[in-house]
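Asker: Starting off with a structure, shown below.
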Amino acid sequence: MSLLFSVVVQILSGDIDSRVTDVMNATSLSPGANDNASGVAGAIEAARVLSQFQFNGTIVYAALSGEEQGLYGGATLAQYAKDKGWQVQAVLNNDMIGNIEGINGVIDNHSVRVFSEGVRIAETTDEATQRYFSGGENDSASRNLARKIKTLADQYMTNLDVMLVYRLDRFGRGGHHLPFNKAGLPAVRIMETNENYNRQHQDIRVENGIAYGDVIEGVDFNFNAKLTALNAISLASMAWAPAPPADVSIEGQVSASTTLNWHAAKQKEVVGYRVYWRLTTESEWTHSRYVGKVNSFKLENMVIDNYLFGVASVSANGNVSPVVFPGAAGAF
């Protein structure tokens, strides 16, 4: 039986990722409580809660295998999504969302990191040339997806600070959102802020008085629930929102004003659009204006050289899509 998907698809994933020191060791005891039973548990719980609601878009819940051996599960699902023609608006990969005690001694139950690529890894040579002269190195679809998640957390959650990390992943490391990025899809990694390396990729043992191993005692259930709630809120808002506008372009060279153009979404839920702008030195969108159900808007007396711009779709229920930066650099 084939599944019929709506226009917009959101993917929530966690890794079936339980290992000891040797990545190919399939026999030693390896609970993988935080890395990454916490992420899979979050995906399952979000599915339980959100299955009680009806959305305009489709949510796919995934438990991905083979992450430590080569990101195989993510690559398989990303290819499947492309083969099926899914319009993927968001991939939220949860990898370690249950630990609050860092190797640095910090205990932190109120912050979360969201990692996102800047320049798209799937960018072509021609797209790179265009971006070089028009900007967009900080405005990939993945980065604006991350900004959307932070905005929703600020709006709906208390005692949770979203740290936007403008980097694909931790320094020199990787995760299961990368295969989706390679496929040209917007994807981010959601995870705890302070990692405990004694509990990652370790044989279970006690050595010099230090307990090693990824066991259930290292998981804080309240924190795990809090980050699961962040995922559920983000998925619900974007699944209720229309698809992001397509083919966003911008013009205004040697002009006093800036004009944004886009293709109007065909979904009945769309009631209009909101245009955004910020100074080039700002890391998040600072200004926006609702412009109605149009497919072009001129910002009078705003010089294109001095700001960065974007457009988002708005639904009748008030939900807003992620912001789309003009051109291939920011396209969803």
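FYI, it's all coordinate maths here, none of it is from the lab. Keep in mind that what you see is a predicted model, and the values were worked out from it rather than measured. Virtual Cβ from ideal backbone geometry, glycine too; neighbours counted across all protein chains shown.
Asker: In what sequence do ARG205, ARG199 fall when counting other Cβ within 10 Å, fewest first?
Answerer: ARG205, ARG199
Asker: Full-extension gain between THR129 and ASP203, please, as 0.36 nm times their residue separation minus the C-alpha to C-alpha distance.
Answerer: So the extension gain works out to 21.9 nm.
Asker: So, one more: Considering only DSSP beta bridges with both partners in the chain, what is the antiparallel share in %, to the nearest 5?
Answerer: The antiparallel proportion sits near 60 percent.
Asker: Identify all lysines with a Cα-Cα distance to LYS268 below 24 Å; exclude those on the same chain that are fewer than 8 residues away in sequence.
Answerer: LYS268 reaches LYS84, LYS148, LYS293.
Asker: Moving to a separate point now. Let me have the 222 nm mean residue ellipticity of the chain computed from DSSP H runs of 4+ only, each contributing -39500 (n - 2.57), with the sum over all residues rounded to the nearest 500.
Answerer: Mean residue ellipticity, 222 nm, calculated: -7500 deg cm²/dmol.
Asker: OK, next. Once you charge only the Cβ atoms, +1 for Lys and Arg and -1 for Asp and Glu, what is the size of the charge dipole of the chain about its Cα centre, to the nearest 20 debye?
Answerer: That gives a dipole near 1120 debye.
Asker: What's the Kirkwood radius of segment 204-332 in Å, using all Cα pairs?
Answerer: Evaluated on segment 204-332, it is 17.3 Å.
Asker: Hey, another quick one. What whole-number distance in Å separates the alpha-carbon centres of segment 93-162 and segment 219-273?
Answerer: Distance between centres, Cα-based: 15 Å.
Asker: Which aspartates and glutamates have a Cα lying under 14 Å from the Cα of LYS150, excluding residues fewer than 8 positions away in the same chain?
Answerer: Correct list for LYS150: ASP161, GLU284.
Asker: Build a GNM of the chain with springs between Cα atoms under 10 Å: which of VAL275, VAL106, VAL88 gets the top mean-square fluctuation?
Answerer: Evaluated over the chain, the most mobile residue of the options is VAL106.
Asker: Under 22 Å Cα to Cα from LYS82, which lysines show up? Leave out anything in the same chain fewer than 8 places away.
Answerer: Within the straight-line cut-off, LYS82 pairs with LYS182, LYS266.
Asker: Can you list residues whose amide H is under 5 Å from SER111's amide H, if they're 5+ apart or on another chain and H is modeled 1.01 Å from N?
Answerer: ASP161
Asker: Taking 0.36 nm per intervening residue step and subtracting the Cα-Cα distance, what contour gain separates ALA26 from GLU282 on full extension?
Answerer: 87.5 nm
Asker: With +1 on each Lys and Arg Cβ and -1 on each Asp and Glu Cβ, and nothing else charged, work out how big the dipole of segment 164-210 is about its Cα centre, in Debye to the nearest 20.
Answerer: 200 debye
Asker: Scan segment 250-312 for GluC sites (Glu not before Pro) in coil per DSSP, keeping those whose Cβ has at most 15 other Cβ atoms within 10 Å, and list them by number.
Answerer: GLU282, GLU284, GLU300
Asker: With the contact rule set at Cα under 8 Å and sequence spacing of 6 or more, what percent relative contact order holds for segment 246-330?
Answerer: With pairs under 8 Å counted, the relative contact order is 35 percent.
Asker: P(r) of segment 86-181 in 5 Å steps, Cα pairs, percent per bin?
Answerer: 2, 11, 19, 22, 19, 14, 7, 4, 3, 0
Asker: On to the next question. Through the Karplus equation 6.51 cos²θ - 1.76 cosθ + 1.60, θ set to phi - 60°, convert the phi angles of segment 288-298 into ³J(HN,Hα) values in whole Hz; use x for Gly and Pro.
Answerer: 8, 8, 6, 10, x, 8, 10, 10, 7, 8, 9
Asker: While we're here: To the nearest 10 degrees, how steeply does helix 125-134 sit against the main Cα axis of the chain, on a 0 to 90 scale?
Answerer: Taking the Cα atoms of the chain, the angle to 125-134 is about 60 degrees.
Asker: Could I have the simple spin-label model distance between ALA211 and TYR166, label points 7 Å from Cα toward Cβ, reported in nm to one decimal?
Answerer: 4.1 nm
Asker: How are the C-alpha pair distances of the chain spread across 20 Å bins, as whole percents from the shortest bin up?
Answerer: Reading upward from the zero bin: 31, 55, 13, 1.
Asker: So, in nm, how far is label ASP247 from label MET157 when the simple model puts each one 7 Å beyond its Cα toward the Cβ?
Answerer: Calculated label separation equals 3.7 nm.
Asker: If you take all C-alpha pairs in segment 1-74, what percent of them are over 16 Å apart?
Answerer: Tail of the P(r) past 16 Å holds 58 percent of the pairs.
Asker: Given an 8 Å cut-off on Cα distances and at least 6 residues of separation, report the relative contact order of segment 181-332 as a percent.
Answerer: Relative contact order here is 23 percent.
Asker: Contact order normalised by length for the chain, with contacts defined as Cα pairs under 8 Å and 6 or more residues apart; what percent is it?
Answerer: Answer for the chain is 21 percent.
Asker: Between LYS293 and TYR80, 0.36 nm times their residue separation minus their Cα-Cα distance comes to what?
Answerer: Contour length minus Cα-Cα distance gives 73.3 nm.
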